[in-house]
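Comments concern the structure below.
The values are calculated or read from the model by the stated rules, or taken from the named source; none is laboratory data. Quick caveat: nothing in here was measured; it's all calculated off a predicted structure. Cβ atoms come from the backbone with ideal geometry, glycine included; neighbour counts cover every protein chain shown.
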Amino acid sequence: MNDLLEILENLHPEVDFETCTTLIDDKILDSFDIITIISEINEEFDVVIPAEEIVPENFNSAKALHELVTRLADE
Amino acid sequence: MLFTSYEFIAFMAVVFLAYYLVPRKAQWPLLLVASYVFYWCANPMYLLFIGVTTVSTYAVSRLLEKVNAQQKAYLQEHKAELDKEQKKAYKAKMKAKKWHLLLLCLIFNLGILSVTKYSNFVITNINTFLSGSSKLALVDMIVPLGISFYTFQSMGYIIDVYRDKQAAQKNFFKLALFVSFFPQLAQGPISRYGDLSKTLYEPHPFDRKTVSYGVMRILWGYFKKVVIADRLVTGVLTLINGQEMITDLGKVFVDYNGAYVFVAMLFYAFQLYCDFTGGIDITIGIAETMGIRVAENFNLPYFSKNIKEYWNRWHITMGTWFTDYIFYPISVCKPMLKLSKWSREHLGPAVGKRVTVYLSSFAVWLTTGIWHGAAWNFIVWGLANWVVIMVSQELEPLYAKFHARFKVKGKAPYEVFQVVRTILLMSMIRMFDCYRDVPLTFKKVGSMFTSFNWGVLFDGSLLRIGLSSADYLVLAAGLVIVLGVSLFKNKHGSVRDALYAKPSVLFYGLMGLLLVMILIFGAYGIGFDSSQFIYTQF
C-alpha cells in the first residue's frame, strides 16, 4: 500500500490519498493520470491493469486501487 | 426529415400521441416502428445498412455472452481441481475466443462505415500519385444518415458485452431499438446501452411534469437552432466563401480576410454551439416527453478554463467513448507498456512517463478527426487539438508557478481571461471545419494577424454580409438569453427545476413565450432556409 501511495502522491502531492474516496467522481484524477498510474503500477508490481478494469469504482480511492492490484496479482 | 421541418414536427406529434394511447407494453415496439419509419423517410436504402449492423451486433453479442456464461460455469464447476496457472490458461483461451468474435464484428461494422464514408477520400488521395488515365474513378456511395453515431453506439455495446460489463440483450427487437432510436439517430448523443436501456424499454405512464420538462427542452433547442444558429448561417457562409458584389467598378468578387476572418470565427463558434447543443436539446427533450433519459452531451463548454476541461464538457458522449474504447485499451496494451518500460530505462523516467499518454492521445485525436469527416481538414483539426492539449499539459508546471507567484487563480477577472482564451483557441482550431482545404485555412487564419483591417468592424461593412441591423439585434438578444440561462445553470443548477418550483403560470407562460419567440424570430423565409444540423454530416 505504501508503494502505491508513493506513486499517487508523486502525481498529485496536494491530495490526501489515504482519505480521499472520490478521486474520479471529483475529477481529481483524469485519464492522463490514470494511464501514468497504470504504467507505474506495471513497472513497480508487474501487474497489468486491463482496460475493462478502468472503472470509477477501482480508481476512486487508493484503497480500491490497492484491492484491484492485489486481486489482479492473485489471478 | 429535418428536425426543423414541419414533417418532423407532425411525425413527432403523432408518435407522442400514439405512445401514450397504445398499451404500455407496446410503447417500446411503437418506438422501434417509428424509428424505422423515420429512417425509411430519409432513404429506404439506409434501412439495409442499419439492419445489417443490428443483426451482426445482435448475433455476436449473443455468442460473446455464451462464451462468458460457459467460462463462468466451467470455472465454478472445476473450482476445486484447477490451480492458479490452469485457471489463467483457461481464461486466456476463452479470452482469445471472445477476441476473435469481437474482432470479426468490429471489422465488419467499421468496414461498412469506412467503405461508405471514406472510399472517395482514399481514392482522391491515391489519385494525387497517379496521372492521366490511370486515375481511379470516384464511387457513387450512399452514406447512411447517422452511420458514425449508430456504428459507434453499437460497437460500444459489443465491447461492453465482450468485457462482460454488460449482459447481451436477448430480444432482437429491443436491441434494434437501441441502435435506431430515432431522436438520437441523426446527431447523437452516442448512448451507452447500460444507460439508455434503463428507461428505453420501461412502460411510461403520462406524467405532466416529465412531459412539460421535455417540451421546454425541445423549445429551448429550437430557439437556439432557428433563432440563433440558422440566422448566423448566412453571415458565416458569406465570410467564408466570399461573395459577388456590385460596385462602382462593376461586379467584383469579394474575398474576406483579416478582421472578417475573426468575425467568421466567432460567428461560427456561436453557430456551431447553438446548432449542436440545440439539436441535442431537441433529442433529449423528445426522449424526455416519453419518459426516456438520454445522456447529456454538453456541460456549458464555453465556461471551460482550458482545452482539456473544454473537451470534458463538449460532445461528452463522444469524448468518453474515445477514452473508454480507444485511449485506455491502447494505453494499457502490452506493446505500449513495454514501450513505456523501455523508454523509462533508456530515455529516463520523464520521457517514459509521457510516451504512453502522448501516443495514445495521438491515436485518439487522429481517430476523432477521421470520425468527423473524410477530409484532411478534419484530420488536421484533430491533430491540432492533440498538439494544444499536449503543449498545455507540458506548460502545467509553469502555470502552477505563475498562479503561485501572482495569486490570480480563482479570481474572477483571471477566470474570465481563461474562459475567453479557451473559446478563442478552440474557435481558431475549428476554422479547419470551415475552409475548403488546409492551406487555405492557414492562409485565412494567418490573415487575422497580418491584415490590419479592424476598421471594418465599425464602418458598416458587416451589414453587407447578408445580415441586417435587425438580424444583429435578434442575434444579440438571443445570445444574451443563452448566456443568462447558462450563467444561471452554472450557479444554481437546473433552470427547469427552478421554474417548475414557481407558480405553474410562470413555467407555462415562459414555455409559450419561447414558442412565440421561435415563431417570430426564427430564421425562416427568403435568404433563410432552415438548414441541416451541422453534426448530421458527421
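Across the range B:177-187, a minimum of one residue is classified as touching a Gly at 6+ places or on another chain (Cβ under 9 Å), at pLDDT below 90, in a loop (DSSP other than H, G, I, E, B) and not small (Gly, Ala, Ser).
Of all the helices (runs of 4 or more DSSP H) wholly in chain A, which have at least 1 residues that are hydroxyl-bearing (Ser, Thr, Tyr) and closer than 24 Å to residue B:95 by Cβ?
Numbers: elements: A:2-11, A:31-45, A:56-59, A:62-74.
Where helices (runs of 4 or more DSSP H) fall fully within chain A and carry at least 1 residues being hydroxyl-bearing (Ser, Thr, Tyr) and closer than 24 Å to residue B:95 by Cβ, they are A:31-45, A:62-74.
Taken over the range B:327-357, the criterion of being buried (at least 17 other Cβ atoms within 10 Å of the Cβ), more than 7 Å from chain A (Cβ to nearest Cβ) and out of contact with any Gly (no Cβ under 8 Å at 6 or more places or on another chain) is satisfied by B:330, B:336, B:352, B:354, B:355. If you check B:82, B:63 for being closer than 20 Å to residue A:71 by Cβ and either outside the structural domain of residue B:143 (by TED's automatic domain parsing) or surrounded by 14 or more Cβ atoms within 10 Å (Cβ to Cβ) (or both), only one passes: B:82. Of all residues in the range B:159-208, those satisfying the criterion of being farther than 19 Å from residue B:296 by Cα, charged (D, E, K, R) and touching a residue at least 12 places away in the same chain (Cβ under 8 Å) are B:160, B:164, B:165, B:170, B:174, B:202, B:207. Among the candidates B:390, B:448, the residue that is more than 14 Å from chain A (Cβ to nearest Cβ), part of a helix (DSSP H, G or I) and not acidic (Asp, Glu) is uniquely B:448. Determine whether residue B:153 is out of contact with any Leu (no Cβ under 7 Å at 6 or more places or on another chain) and assigned to a helix (DSSP H, G or I). So residue B:153 passes the test. Of the residues making up the range B:75-116, those that are among the basic types (Lys, Arg) and either in a helix (DSSP H, G or I) or touching a residue at least 60 places away in the same chain (Cβ under 8 Å) (or both) are B:84, B:87, B:88, B:91, B:93, B:95, B:97, B:98.
Against the list (1) in contact with a Phe, Trp or Tyr (Cβ under 9 Å, 6 or more places away or on another chain); (2) closer than 21 Å to residue B:150 by Cα; (3) buried (at least 22 other Cβ atoms within 10 Å of the Cβ), the condition residue B:360 fails is (2).
For the range B:114-121, state whether one or more residues are assigned by TED's automatic domain parsing to the domain that holds residue B:47 and in contact with a Phe, Trp or Tyr (Cβ under 6 Å, 6 or more places away or on another chain). If you could, list the steps in order and put the result at the bottom.
Of all residues in the range B:114-121, those assigned by TED's automatic domain parsing to the domain that holds residue B:47 come to B:114-121.
Right, trim to in contact with a Phe, Trp or Tyr (Cβ under 6 Å, 6 or more places away or on another chain) and you get none.
No, the range B:114-121 contains no residue that is assigned by TED's automatic domain parsing to the domain that holds residue B:47 and in contact with a Phe, Trp or Tyr (Cβ under 6 Å, 6 or more places away or on another chain).
Here residue A:34 fulfils each of the conditions (1) more than 10 Å from the chain's Cα centre (by Cα); (2) at pLDDT 90 or above; (3) within 11 Å of chain B (Cβ to nearest Cβ) apart from (1). Scanning the range A:37-53 for residues that are in contact (Cβ under 8 Å) with a residue 24 or more places away in the chain, facing chain B (nearest Cβ under 7 Å) and of a type in the set (D, E, K, R) yields nothing.
In the set A:18, A:14, only one residue is under 18 Å from residue A:70 (Cα atoms) and more than 9 Å from chain B (Cβ to nearest Cβ); that residue is A:18.
For the range B:469-492, state whether one or more residues are closer than 30 Å to residue B:246 by Cα, assigned to a loop (DSSP other than H, G, I, E, B), in contact (Cβ under 8 Å) with a residue 40 or more places away in the chain and assigned by TED's automatic domain parsing to the domain that holds residue B:522. I'd like the intermediate steps shown before the answer.
Our first condition is that a residue be closer than 30 Å to residue B:246 by Cα; within the range B:469-492, this holds for B:469-476.
Pick out the ones that are also assigned to a loop (DSSP other than H, G, I, E, B) and you get none.
Checking the range B:469-492: not a single residue is closer than 30 Å to residue B:246 by Cα, assigned to a loop (DSSP other than H, G, I, E, B), in contact (Cβ under 8 Å) with a residue 40 or more places away in the chain and assigned by TED's automatic domain parsing to the domain that holds residue B:522.
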